[in-house]
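Before any comments, here is the structure.
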Amino acid sequence: MMWVFAIMVVLAMGGVALVASGRTGALPEEYDDRPDVRVPAGRLVGDDLRQVRFSLGLRGYRMSEVDTLLARLADQLDEPPRGGNDLD
């Protein structure tokens, strides 16, 4: 019984190797399904940051933290510029 299981494992591995080598036919064309992160060129305004959406990944940042930072930056961009030196 053990040899039957071993033969099945070898055949399964051979099938995977055959498919991976591309000998069973062409794979469908690869396409990028991530959303485009489009930020306009030039000076940004708050609405530009409010509309940005990032794609999800297996490992990444917490969405709520990124959304909070983008909202804060958008609010700062919407504020009128202060007079004087910005380094204060």
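No value in this document is a laboratory result; all are computed from the given coordinates. All values reported here derive from a predicted model rather than from experimental measurement. A quick note on method: Cβ atoms are made from the backbone with ideal geometry, for glycine too, and the neighbour counts reach across all protein chains shown.
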Along Cα→Cβ, 7 Å out, is where each label goes; now give me the distance between the ones at residue 45 and residue 10 in nm to one decimal.
-> 7.1 nm
Within the chain, longest stretch free of exposed chymotrypsin sites (Phe, Trp or Tyr not before Pro) [DSSP loop, at most 13 other beta carbons within 10 Å] | 1-30
Would you calculate the separation in nanometres between label points at residue 82 and residue 38, each defined as 7 Å from the Cα along the Cα-to-beta-carbon direction?
-> 3.5 nm
On a 0 to 90° scale, report how tilted helix 2-21 is relative to the longest principal axis of the chain, with both axes built from alpha carbons and the result rounded to the nearest 10.
-> 50 degrees
Express the relative contact order of region 40-80 as a whole percentage, based on alpha carbon pairs under 8 Å and six or more residues apart in sequence.
-> 64 percent
